[in-house]
Amino acid sequence: MFPTSSQRKHWMFKNEDELQTLRVQANQNYIESYQDRLGPSAQPTLNAEDEKTLLKYYEHTMMRDLCKKFQPPMPKAVIGTAFNYFKRFYLNNSVMDYHPKEILVTCVYLACKVEEFNVSITQFVSNIKGDQKKAADIIINNELLLMQQLNYHLTVHNPFRPIEGFLVDIKVRSRLANAEKLRSGIDELIEKLYLTDACLLYSPSQIALAAILHSASKNQENLDSYVTQTLLGGDPTRLTDLIEAVRKIRIMSKPSDVFQPNRDLIKALEKKLDACRNEENNPDSQIYKERMNELLEDPDERPSARKFAKARRSMGGDKMTGVSAIDPNLSP
């Protein structure tokens, strides 16, 4: 149940300012470490706003180029869980430390496992253009890292079950003649909310109700009496809080708040990122190759999770990643 879940306890936040504080701190932590390590040779770095823009671009890309085009079709719960993982990871990590392209595909692959969408790694990477073998290695090498950064809080409560519950209740206890016609509007809002921080700020049931009321409004249906009297029993305190939450959720989904990629800006930020990223995590760098060779001294022995964890620690705090193999469609 959501009220007693790790999601409620550890991954829900009071407001967007709290999220911004965490992201700024992650950015500053990397910059300080990077400048201490390289001194005068350090390249100009991304600021927190630059990182936010890149992350929004990769969220947009994850939905457009991977989740929507995935074969076999990807269940909604997998998509929702993947977005939760991606947003959580970058609350405490910088894109300069871990490139979003590699974390993106790892989040989706781990979500497939957790939500029991049974696809093999071979089948998964067949949906990624480029060097699929190297892409598989990237995902496998980062899977343990991702779980560690999520504190092994892998169960995600998405809004889909509450949506189904509300629809059943509306059919039974409201005057709405055809509740099923709300589904397209519900899906529309949920998809927009994937590209916002709603899952870190509002409960699944609040998001579900916001989606239902959004769809009812689009279909020129009125569910006010259902919400105020049937659902909340006329309690004015609960009603005020709920109306405010629903209002804010719907505002987050407005076109002005949903990211529209500026390709020139993204290309400029990617170029800057390439110059200041952590080379210990760059599979094309010499230091990365040397440490991987140390890890794989015995070519006949498959590395264990413990060995990968040890290698990450030796690379500076659980850092072992790669990006170059992943689809040009996931590049600006």
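The values are calculated or read from the model by the stated rules, or taken from the named source; none is laboratory data. Because the structure is a prediction, the values reported are computed rather than measured. Positions of Cβ are generated from backbone atoms using ideal geometry, with glycine treated the same way; all protein chains shown enter the neighbour counts.
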Exercise. Kindly indicate which of Y152, Y57, Y85 is under 25 Å from K192 (Cβ atoms) and at pLDDT 95 or above.
Key: Y85
Self-check item: Hits in region 29-48 - residues which are exposed (fewer than 15 other Cβ atoms within 10 Å of the Cβ) and among the aliphatic types (A, V, I, L, M)
Solution: L38, A42
Quiz item: So is L189 crowded, with 20+ Cβ neighbours inside 10 Å, outside the structural domain of Y98 (by TED's automatic domain parsing) and in contact with a Lys or Arg (Cβ under 9 Å, 6 or more places away or on another chain) or not?
Solution: yes
Self-check item: Count of region 1-24 residues which are touching a residue at least 12 places away in the same chain (Cβ under 8 Å) and acidic (D, E)
Solution: 1
Quiz item: Could we say that F166 is within 26 Å of D197 (Cα to Cα), under 19 Å from the mean Cα position of the chain (by Cα), of a type in the set (F, W, Y) and buried (at least 22 other Cβ atoms within 10 Å of the Cβ) here?
Solution: no
Quiz item: Restricting the search to region 20-50, which residues are in contact with a helix residue (DSSP H, G or I) (Cβ under 6 Å, 6 or more places away or on another chain) and under 19 Å from L195 (Cβ atoms)?
Solution: R23, A48, D50
Quiz prompt | Selection count, region 1-36, where residues are under 16 Å from the mean Cα position of the chain (by Cα) and not in a helix (DSSP H, G or I) | solution = 3
Exercise. With the condition kept exactly as written, say whether any residue in region 235-251 is at pLDDT 80 or above and either in contact with a strand residue (DSSP E or B) (Cβ under 7 Å, 6 or more places away or on another chain) or under 27 Å from A135 (Cα atoms) (or both).
Key: no
Practice problem: Considering every residue within region 116-124, establish whether at least one is of a type in the set (A, V, I, L, M) and touching a residue at least 60 places away in the same chain (Cβ under 8 Å). | Solution: no
Quiz prompt | Single residue of region 68-82 satisfying the filter (touching a Phe, Trp or Tyr at 6+ places or on another chain (Cβ under 9 Å) and in a helix (DSSP H, G or I)) that is nearest to T196 (Cα to Cα) | solution = G80
Practice problem: Quickly run through region 126-141 and pick out the residues that are assigned to a helix (DSSP H, G or I), of a type outside the set (S, T, N, Q) and at pLDDT 90 or above. | Solution: K133, A135, A136, I139, I140
Self-check item: Unique match (being modelled with pLDDT under 95, aliphatic (A, V, I, L, M) and assigned by TED's automatic domain parsing to the domain that holds A208) among L167, L176, L145
Solution: L176
Practice problem: All but one of (1) surrounded by 15 or more Cβ atoms within 10 Å (Cβ to Cβ); (2) of a type in the set (S, T, Y); (3) more than 26 Å from A198 (Cβ to Cβ) hold for T122, so report the exception by its number. | Solution: (1)
Self-check item: Qualifying position, being closer than 30 Å to T21 by Cβ and either in contact with an Asp or Glu (Cβ under 6 Å, 6 or more places away or on another chain) or not basic (K, R) (or both), among Q123, Q132, Q148
Solution: Q148
Exercise. Among the residues of region 137-148, write down those that are surrounded by 20 or more Cβ atoms within 10 Å (Cβ to Cβ) and not polar (S, T, N, Q).
Key: I138, I139, L145, L146
